[in-house]
4 protein chains.
Amino acid sequence: MKVAIWGVTGYTGSELVRYLVRHPEAEIELLTSESSAGRKFSDVFPSFRGTIDIELVHPSELESPEVDVVFCCRGHTEAMDVVPGLLEKGVKVVDLSADFRMRSGKEYERWYGVKHRAEELLGEAAYGLPEVYRGKIKGARLVANPGCYPTAVALSLAPLLEEGLVDPEGIVVDAKSGVSGAGRRPSLKTHFVEVYGDVCPYNPGRSHRHTGEMEQVLSELVGRPVRITFVPHLIPVDRGILSAAYVKLTEDISTDELLGIYEKRYAGEPFVRVREDLPHTKDVWGTNFCDVSVRRVEGTEVAVAFAAIDNLGKGASGQAVQNMNLMFGMDETLGLR
Amino acid sequence: MKVAIWGVTGYTGSELVRYLVRHPEAEIELLTSESSAGRKFSDVFPSFRGTIDIELVHPSELESPEVDVVFCCRGHTEAMDVVPGLLEKGVKVVDLSADFRMRSGKEYERWYGVKHRAEELLGEAAYGLPEVYRGKIKGARLVANPGCYPTAVALSLAPLLEEGLVDPEGIVVDAKSGVSGAGRRPSLKTHFVEVYGDVCPYNPGRSHRHTGEMEQVLSELVGRPVRITFVPHLIPVDRGILSAAYVKLTEDISTDELLGIYEKRYAGEPFVRVREDLPHTKDVWGTNFCDVSVRRVEGTEVAVAFAAIDNLGKGASGQAVQNMNLMFGMDETLGLR
Amino acid sequence: MKVAIWGVTGYTGSELVRYLVRHPEAEIELLTSESSAGRKFSDVFPSFRGTIDIELVHPSELESPEVDVVFCCRGHTEAMDVVPGLLEKGVKVVDLSADFRMRSGKEYERWYGVKHRAEELLGEAAYGLPEVYRGKIKGARLVANPGCYPTAVALSLAPLLEEGLVDPEGIVVDAKSGVSGAGRRPSLKTHFVEVYGDVCPYNPGRSHRHTGEMEQVLSELVGRPVRITFVPHLIPVDRGILSAAYVKLTEDISTDELLGIYEKRYAGEPFVRVREDLPHTKDVWGTNFCDVSVRRVEGTEVAVAFAAIDNLGKGASGQAVQNMNLMFGMDETLGLR
Amino acid sequence: MKVAIWGVTGYTGSELVRYLVRHPEAEIELLTSESSAGRKFSDVFPSFRGTIDIELVHPSELESPEVDVVFCCRGHTEAMDVVPGLLEKGVKVVDLSADFRMRSGKEYERWYGVKHRAEELLGEAAYGLPEVYRGKIKGARLVANPGCYPTAVALSLAPLLEEGLVDPEGIVVDAKSGVSGAGRRPSLKTHFVEVYGDVCPYNPGRSHRHTGEMEQVLSELVGRPVRITFVPHLIPVDRGILSAAYVKLTEDISTDELLGIYEKRYAGEPFVRVREDLPHTKDVWGTNFCDVSVRRVEGTEVAVAFAAIDNLGKGASGQAVQNMNLMFGMDETLGLR
């Protein structure tokens, strides 16, 4: 299976390469970069020297791609102009941008401030969270790879929501993320000296764009519209998301019972690990695992659901490979263990 | 004014020294250490060389202290055996342990698992949060210096609670702390390699001991019993607490109005800074400041109140000096600017 | 091939597991731990959950080992009591301790302060630096896996020393190491808050024990006794060694010529990468690579040779697997790419 | 005494403010910023809120400055166009750029690649290392504040060089620096995710511009031209320089004797602390101290001299204040303790 990555010089692109070089069925055919075309991939990312040294090409090479699948690692509003052409040429697409995650152009416009230019594909695109939408992903030409926060939060809450154990009103999500989530473009906000030793919230309330995506997937899990409070925080580490979701229970149920529900829900899942103790981002660093746990808060009606992922693993590139595996009918874990 | 510190070789003790050497009215008379008696303070903490080089003495020297005030920097269950004797000798005490923070022996026993051995002082002890209890602190012989988390959370919520704007049910507090809050005793949990790059929750729900203290002060602010959900997280930085408190509003009120209430509430306070943007722990590093902010979450009934403190500053030693200043009728800011 | 690890709960042991689970020919049969026997390996190291969950056994199980090779991950002075028995039983051994690295009992005693109790094996043991001693390793029953600093320094200097380009007098080695090199046992020196943000030298001059090992391998490379100055530094990262070796050249030779010599020397080596730019520890993190480079210092007779390794990779467990591969006649790179 | 800072929105500028607000004799009159003129200083640096909130003005305001001294915190090649005008107006200047550090225009051009445009001032400018050039600084109108590396290295070697104990050939300096030394302008090299967890050399040999400055001051200390090898390294911490200087001794002298020489040399110096143990950058963080130590390397002719400074303290802004104090005949330690 021949693979291309459109926009490989960011963190999700290079992390995809890291997974794909270990993948027994995938062959990296084409890596594009606008700014570094002509340079070797391993000159831009020296850790890959001796592992993969192919030359980066200009994105225009994607116009007649001789590959089976393209991973789109460019920002939102760019993918929607390119993806339709790729699909027409019979190439499958895993889009890591936000362009095909929302169910409707209206919702997309609400959260991204731009009119969608390939609205007709929104219905077709599968939302690439295999633990919830595996069936649709398997038959898809186009998978919208989920955002990092929505992945963590949806996996931490799915067992509770599916069982109808949660009052859909008043869900609070407090998440902590490493800095690679902000991308590879330098800015004062991601300048080493500014970030070092600092902890801060950003885009609190319902102002972060992932809010819409999270509400969409939670609503589908619960079967009715859900509105949440979401506060992400920036933490001075390179990778990792730790999310805590606070919900009001509709039944009196213990931590042990809740853990039992989680164990059952995720029994067959290769990448979700239910922990009796608590998740640590370090335990999922560099992997496609999502570690989840849950606690009933004694003396209250509240439960807290935790998830830890690598924002570049299960939160982006690892999950993208999982989706590719599903789309092509391969073992879901290839390249990911 | 002559000062002693009981148990100076931990982080709160050495940070107290840092504040006191700059204090124009305080003279450090006695620094005790069980393990390092006989060594110079600056041999244990070389950053103080040339600044304060006095010799550490054994705690038994405190039996006939020729000082005006003793700061107790030993753990809980130790202070309650020593503080009564100090007060009898006419020495004032700022206790940085938890021993005199709870209003009743029953509550103390509930959270600390030990019967209180100086229960008669619990009524007398002032809870050392000047922004709320300044009057009582001024006349006190004994001040119970608050825990780091309760300080941050109480200051972030006080304006809302005092104005009756919050439904006391269902308050959720999600806090992030640097590692110095766990003390200076080595353990695998605080081993550099284990902590580095990791983010994790600990003692979630209502299992952290600060929960009781927090509920006590929030209940007093709101005028009726409050039960909260509290989840602290460990963050790989040395110092700093960032707390986010999620509350349900009882009125429809905007972020701007909320910020106005905060500005008014803290107008005269030298150490609370209301930020229109969001607090960063780095901005309060090494200081006695508490930076607070608040946001109404659009489309919901929720407000989020943030606070950032240095857990060794406003969360411990800085606030201890502020309390000492008040107890002795001095300018509250001496040594702290 | 069946494998046992003696003392798996330290960092070199768990890193060995990480490499071995990816190794197509190796099967982990036995993991020992004195303190955690009876617990699952993945309970001690939760990142391995779902990957390897076998139970830890007491080291006494090694008395009749049904394995082909044992990796010894216990400290020096322990291995020399156990290794002879293992060899007698026909088991091959890769010893990650220092016990079999020195050529003579006298040298061992000089640097480790203890009389050697299996001196007869010192001549037999192969020093496990494949790029220099590959031949001997291939036939060995016992490989002494090199220390992290000697590995980096020997690989950075070998091309120069072998070509006779260096005055053996006055070699200076300045090295920087992450904290995992100090092991997993908690202490104040490795306490997060103490290490965070700090840079410091330790054991300077010729007082670090790796000095003897380094002088031994450099002497063998140069063909006469070499005495060096060695100053290691502790850097607040988890992993990684960056060494800079300063030597006086015996010929007038340019940086380009030097790089050419390095390229030629390491042309066939799968794990040494010569960089025209400069090595970064991050580029070798989690790998068995050693990145080297060299510079002639303009206007002087000095050259500087750099190396970057992961102290747990090429500096310990990665190299141990490379040695095992060689000892068993397998492809040297198995499990390491 | 009225003070202006030209270019206050970098790290040396804001650190100067931190020292000056504590200075009993200095009053901050004017803070300039090209990019942020019109904003409050404390809006750019929120940690200063409530401490100093004055408005930033455009640099053109410096044309008729009503101040006694100007600190120049702009880059090299900029200061030389502005300083002459300031001096003419009777204002004293502490220049933190490199523009007036070299003794001759020729040397300046060699290291900075630009012809000097105020060469006539190079002879007049005092090199602001008080421990070596205190006399000249006291009478100076213009002080060239030293670079961070030269400060550390000169102070670590001065006692040895002044006593004639060092062979001036073959001095090797290996230094490690935190990232704030690279300034506040975002770039990929200082992007958090790139720097985090990485250790690397940069500008090795004699290619770093501080080499020329270092050679100049070492030559003056030793009384004849000195050529050194200098390799700086980037370390993932915000602040701090740790330098190790390797020299060949001309006499057989022990570590204890060397330490005695250091103690004597620095006996009266308020900001140099001789340590029998080894320097740590953390012990000088946020201060104007320089901690030094020295070791004879057993069995060789080599000595190693260490220094630790805060690159923004003794390495820049702290030393600048020390120089100002001397220029105005004040107690050298004002504002710095």
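Under a 5 Å amide H to amide H cut-off, with H placed in plane at 1.01 Å, what residues pair with C:Arg273 once short-range neighbours are removed?
Here C:Cys290, C:Asp291, C:Val292 satisfy the definition.
For segment B:149-311, what number results from the quotient of the Cα radius of gyration and 2.2 N^0.38 Å?
Details: Rg = 15.8 Å, N = 163, 2.2 N^0.38 = 15.2 Å.
With N residues counted in segment B:149-311, Rg over 2.2 N^0.38 Å equals 1.04.
Skipping prolines and chain starts, which residues have an amide H placed within reach, meaning under 5 Å, of the one on A:Thr250, given they are 5 or more residues away or on another chain?
Correct list: A:Val166, A:Asp167.
Partner chain Cβ atoms within 10 Å, averaged over the residues of B:283-295 - can you pull that number for me? List each step's numbers first, then the result.
On the way: counts 8, 2, 4, 3, 3, 0, 4, 0, 4, 0, 2, 1, 7.
Counting Cβ atoms of other protein chains within 10 Å of each residue's Cβ and averaging gives 3.
Which aspartates and glutamates have a Cα less than 12 Å from the Cα of B:Lys264, not counting those fewer than 8 places away in the same chain?
B:Glu163
Apply the a/c threshold of 1.5 to the C-alpha gyration tensor of segment B:54-201 and tell me whether it is rounded, prolate or oblate.
The shape class here is oblate.
Report the one residue of C:Val82, C:Gly10, C:Gly123 whose Cα lies farthest in the direction of the positive end of the charge dipole of segment C:2-124 (charges on C-beta: Lys and Arg +1, Asp and Glu -1; origin at the Cα centre).
Checked the options; the winner is C:Gly10.
Quick one: if you take sqrt(5λ) for each eigenvalue of the C-alpha gyration tensor of segment C:2-124, what semi-axes come out, biggest first, whole angstrom?
27, 15, 13
On a C-alpha basis, how far is the centre of segment C:149-191 from the centre of segment C:70-96 in Å? Whole number, if you could?
When both Cα centres are located, 25 Å separates them.
Highest GNM mean-square fluctuation, chain A, Cα pairs closer than 10 Å: which of A:Val93, A:Val304, A:Val44?
Maximum among the listed residues: A:Val44.
For segment D:199-209, just list the computed ³J(HN,Hα) in residue order, Karplus coefficients 6.51, -1.76 and 1.60, θ = phi - 60°, integers in Hz, with x standing in for Gly and Pro.
Taking θ as phi minus 60°, the curve returns 10, 7, x, 8, 6, x, x, 10, 9, 6, 4 Hz for segment D:199-209.
To the nearest 500 deg cm²/dmol, what mean residue ellipticity at 222 nm is calculated for chain A from DSSP H runs of n ≥ 4 alone, each contributing -39,500 (n - 2.57), summed and divided by the residues?
On the way: 10 runs with 94 residues, N = 337.
After summing the helix terms and dividing by the residues of chain A, the value is -8000 deg cm²/dmol.
For segment A:315-332, in order, what is each residue's ³J(HN,Hα) by Karplus, 6.51 cos²θ - 1.76 cosθ + 1.60 with θ = phi - 60°, in whole Hz (x at glycine and Pro)?
With the stated coefficients, segment A:315-332 comes to x, 6, 6, x, 4, 4, 5, 4, 5, 4, 4, 5, 4, 9, x, 8, 4, 4 Hz.
Report the per residue volume, in Å³, of the convex hull enclosing the C-alpha atoms of the protein assembly as shown. Display every interim value, and only then the final one.
Values: hull volume 237.1 nm³, N = 1348.
That works out to 176 Å³ per residue.
Where does the Debye-calculated log10 I(q)/I(0) of segment B:69-131 sit at q = 0.23 Å⁻¹, using only Cα point scatterers of equal weight, no solvent?
The Cα Debye sum returns log10 ratios of -0.96.
Let me know the charge dipole size of segment B:48-128 about its Cα centre in debye, to the nearest 20, where only the beta-carbon of Lys, Arg (+1) and Asp, Glu (-1) is charged. Please list the in-between numbers first.
Details: 10 positive and 16 negative charges, 87 e Å.
It works out to roughly 420 debye.
Calculate, axis by axis, the spread of Cα positions in segment B:121-225 along the three principal axes, and write the results as whole Å, longest axis first.
Computed over segment B:121-225, the largest-to-smallest principal extents equal 45, 36, 19 Å.
Within segment A:7-59, list the trypsin sites (Lys or Arg not before Pro) lying in a DSSP loop whose Cβ has at most 14 other Cβ atoms in a 10 Å radius.
Values: sites: A:Arg18, A:Arg22, A:Arg39, A:Lys40, A:Arg49; in loops: A:Arg22, A:Arg39, A:Arg49.
Sites meeting the loop and neighbour criteria: A:Arg39.
Please work out the FRET efficiency for the pair A:Lys2 and B:Lys89, using the Cβ-Cβ distance as r and a Förster radius of 60 Å; give the result to the nearest 0.05. List each step's numbers first, then the result.
Details: r = 84 Å, r/R0 = 1.40.
So, using R0 = 60 Å, E works out to roughly 0.10.
Can you list the lysines whose alpha carbon sits under 21 Å from that of A:Lys282, skipping same-chain ones fewer than 8 residues off?
A:Lys176, A:Lys314, B:Lys176, B:Lys189, C:Lys40, C:Lys282
Please compute the modelled spin-label separation between A:Val21 and D:Glu163, points set 7 Å along Cα→Cβ, answer in nm with one decimal.
So the label points at D:Glu163 and A:Val21 sit 5.2 nm apart.
When Cβ neighbours within 10 Å are restricted to other protein chains, what is their mean count per residue of peptide C:203-212? Don't skip to the answer; put the middle values down first.
Numbers: counts 1, 9, 10, 6, 3, 0, 0, 0, 3, 0.
If you average over the peptide's residues, the count of other-chain Cβ atoms is 3.
Please give the charge dipole size of the protein assembly as shown, origin at the Cα centre, charges +1 on K and R Cβ atoms and -1 on D and E Cβ atoms. Round to the nearest 20 debye. Intermediate values should be presented prior to the final figure.
Values: 152 positive and 196 negative charges, 0 e Å.
For this selection, approximately 0 debye.
Compute from the Cα atoms of chain C the Rg and the Dmax, the latter being the longest Cα-Cα distance, and quote both in angstrom.
Expressed in Å, the Cα Rg and Dmax of chain C come to 19.4, 63.
Using the Karplus curve 6.51 cos²θ - 1.76 cosθ + 1.60 with θ = phi - 60°, what ³J(HN,Hα) values do you get for each residue of segment A:296-302, in whole Hz, with x for Gly and Pro?
7, 8, 3, x, 9, 9, 8
May I ask for the angle, rounded to the nearest 10°, between helix A:148-162 and the longest principal axis of chain A, with both axes built from Cα atoms and the value confined to 0 to 90°?
The answer is roughly 40 degrees.
In nm, to one decimal, how far is the C:Glu109 label point from the A:Asp81 one, both placed 7 Å along Cα→Cβ?
Taking the simple label geometry, C:Glu109 and A:Asp81 are separated by 7.8 nm.
Values quoted throughout were computed directly from the atomic coordinates according to the rules given, and no laboratory measurement underlies them. The shown structure was predicted, so the numbers you read here are calculated from the model rather than taken from an experiment. Glycine also receives a Cβ, built like all others from the backbone with ideal geometry; neighbour counts cover every protein chain displayed.
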